[in-house]
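Every number in this text was worked out from the coordinates using simple rules, so none of it is lab data. Just so we're clear, the structure is a prediction, and the values are computed from it rather than from any experiment. Backbone-built Cβ (ideal geometry, glycine too); neighbour counts: all protein chains shown.
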Amino acid sequence: MNNIGRNSFDIGYLDTLAAGDSPLHRLDPRAKVITTLAFIVAVVSFDKYALEAMAPFFIYPVVLISVGGLPAGYLFRKALFILPLAVLIGIFNPLIDRQILVQIGPIGISGGWISFLSIICRFILTVTAAFILVSLTGFNAVCSSLLKFGVPKPFVIQLLFFYRYLFVLTDETERMARARSLRAFNSAAMDFKTFTSLVGNLLLRTLDRAERIYRAMRCRGFDGDIRIIGSIKTSWRDIVFTSGWVLVFVFFRYSNIPLRLGTLVTGFLK
Amino acid sequence: MSHHIVETINLHYTYPDGTKGLNGLSFRISHGESVAIVGENGAGKSTLLLHLNGCLSASEGSIKIGDHLLNKKNLAAVRRSVGMVFQNPDDQLFMPTVFDDVAFGPLNLGLEKPDVERLVRQALQTAGVEHLASRPPYKLSQGEKRSVSIATVLAMSPDILVMDEPTSSLDPRSRRRLIELLKTFQHTKIIATHDLDLALDVCERTIVLHQGRVTADGKTKNILFNEGLLFSSSLEKPLSMQHCPVCAAKKDS
């Protein structure tokens, strides 16, 4: 079976979610962008062997998903879709770093495994946070608030088009893969020659289509500015949201809560 | 309102790969006219349409929209007055929801939020797709997509509507609905099409293109009766003007 149609990214659904209406959806996009950035910085700044200290950070996606009424399964699956990238980054850690750090009974766990798991953990947290940001805000609003923060326009436009053309690329890939599999009768694996011509063709077709979309945008007055319909206004809610979460992140970052809890429990047991 | 006049004067265009697109093309379309551009595949129809709002610029010759020559300076104004509906609605619809997509143009024109919302509602209503406002465009049927892409253009209140193959890949009923919709528009209409029945229904004038040149320009009825001309342009009489196959079979027997 050619599954590519079903498995394709379907990241457009994030934008559909952004049309929802919850207290989180109504927040100023800028508040959500800052909070997400603070979250990512806090998670990424942990030591390479940090694992249990990161655990409290899972509260953030859990709270946002439940308050924002987002489909947790969908977001998780989308994060898994990109997981191989993180695995690729960390996969050699267990081989290189063999020093035993933790001893659980007879099993010694090396530093490599811990840092590998730490990378996966960070990855899931940051990617989910980014997906949550887009599904609560919409990509255009995210880009528009980046512009308001003074991020250079060419950079934001690149980001916007990258996102737009992602759909184009997956669409075209899907069609080509389907056309190939219908005539390959699913028997032969793709040989190198077919693969290269497929990729080359894909590039040309995508460029063509991207140009047509760009043309359609120009025809409707697109001039590089991103305009969104909701007016952006900051209220006390946005300030409370951002400053509240940032305080929580700082607290989580500098006090190892699981460790404290652990010592508390073991101390109590003694 | 001279604004609605479209005039091309000796247009030439060659694609970067050397293919000749237009080869000395001239015509004048005046206010409120509804004109079909017909011709075989590769005759230059789409190339011509892309010139009308400056997506492509001619290597020779010029275009007048209203009283002004189309140039870089007035490109934005021309794009506002010439609304273009592309052949493939998937190229035209790129926003997360139908509402956002229709609002894209008016927002870029710098209109205020209440005006944008009003225009979007109006355009959706005219195109008969008000109920789709909150749907994501890529989930719609082909006919719905087509109506939405027409709404995206209507929302910018253009004077001239330019359409590339508006009835292609529509089912018969959607096609009929679109034809009825087009008939209600007061705009100057320029429609490139292979659907000669559409031309017959909607356009009183037809321009025939062949190899990037105008080979005939006149009343649609006269042109579509001219079998020699149709044959030399790889076209056929519209179905509604052909003999009824059932009656023909009866006559033969």
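For B:Ile191, nonlocal amide neighbours, meaning residues 5 or more places apart or on other chains whose placed amide H falls under 5 Å from its own, are B:Val35, B:Ala36, B:Ile37, B:Met163. If R0 is taken as 60 Å, the Cβ-Cβ distance between B:Tyr138 and A:Thr263 corresponds to a FRET efficiency of 0.65. Think of the protein assembly as shown as having a plus end and a minus end, set by charges on the Cβ of Lys, Arg, Asp and Glu; of B:His131, B:Ala103, A:Gln103, A:Gln103 sits farthest toward the positive end of this dipole. The protection proxy used here, the mean number of other Cβ atoms lying within 10 Å of each residue, ranks peptides B:174-180, B:207-213, A:178-184 as follows, highest first: B:207-213, B:174-180, A:178-184. Cysteines in the protein assembly as shown that lack a partner Cβ within the 4.7 Å cut-off: A:Cys121, A:Cys143, A:Cys219, B:Cys55, B:Cys203. For a 25 Å ceiling on Cα separation, which of these pairs sit above it: A:Lys32/B:Lys113; A:Lys153/B:Lys73; B:Lys73/B:Lys145? From A:Lys32/B:Lys113; A:Lys153/B:Lys73; B:Lys73/B:Lys145, over 25 Å: B:Lys73/B:Lys145. Springs join every pair of Cα atoms under 10 Å in this Gaussian network model of chain A, and among A:Leu101, A:Leu117, A:Leu24 the largest mean-square fluctuation is at A:Leu101. Each principal axis of the Cα cloud of segment A:18-75 was taken in turn, and the coordinate range along them, longest first, works out to 39, 26, 15 Å. Mean per-residue shielding of peptide B:191-202 is 0, counting Cβ atoms of other chains within 10 Å of each Cβ. Summing +1 for each Lys or Arg and -1 for each Asp or Glu, what net charge is found among the other residues whose Cβ lies under 11 Å from the Cβ of A:Thr242? For residues surrounding A:Thr242, the net value is +1. Positive end of the dipole of the protein assembly as shown (Cβ unit charges, origin at the Cα centre): among B:Ser174, A:Ile119, B:Asn71, the Cα lying farthest that way belongs to A:Ile119. Under 5 Å from the amide H of A:Ser110 lie the amide H atoms of A:Leu101, each residue being 5 or more positions distant or on a separate chain, with H modelled from the backbone and absent for Pro and chain starts.
Report the gain in length on full extension from A:Thr194 to A:Ile109: 0.36 nm times residue separation, minus Cα-Cα distance, nm rounded to one decimal. Spell out each step's value before the answer.
On the way: separation 85, 0.36 × 85 = 30.60 nm, distance 4.45 nm.
Full extension of this stretch gives 26.2 nm more.
Counting Cβ atoms of other protein chains within 10 Å of each residue's Cβ and taking the mean over peptide B:94-106 gives 5. Across segment A:140-148, rounded Karplus estimates of 3J(HN,Hα) from the backbone phi angles (6.51 cos²θ - 1.76 cosθ + 1.60, θ = phi - 60°) give 4, 5, 4, 5, 5, 6, 4, 4, 5 Hz, Gly and Pro being marked x. In this structure, the amide hydrogen of B:Asp217, modeled 1.01 Å from its nitrogen in the peptide plane, lies closer than 5 angstrom to those of B:Val208, counting only residues at least 5 positions away or on a different chain. Taking label positions 7 Å along the Cα-Cβ direction at both A:Ile239 and A:Leu88, the computed distance is 4.5 nm, reported to one decimal. For B:Glu112 and A:Leu207, the FRET efficiency from 1/(1 + (r/R0)^6), where r spans their Cβ atoms and R0 equals 56 Å, is about 0.95. Think of each Lys and Arg Cβ as +1 and each Asp and Glu Cβ as -1; about the Cα centre, that makes the dipole of segment A:8-152 roughly 120 debye. In order along segment A:199-205, the Karplus-derived 3J(HN,Hα) couplings, from 6.51 cos²θ - 1.76 cosθ + 1.60 at θ = phi - 60°, round to 5, x, 4, 4, 4, 5, 5 Hz, and Gly and Pro are given as x.
Taken over the alpha carbons of the protein assembly as shown as equal point scatterers, the Debye sum produces base-10 log I(q)/I(0) values at 0.09, 0.13 Å⁻¹ of -0.79, -1.31.
As a calculated quantity, the FRET efficiency between B:Glu204 and B:Ala248 at R0 = 35 Å, using C-beta atoms, amounts to about 0.75. Each 10 Å bin, from zero up to the one with the longest distance, holds this percent of the alpha carbon pairs of segment A:151-219: 18, 40, 25, 13, 4.
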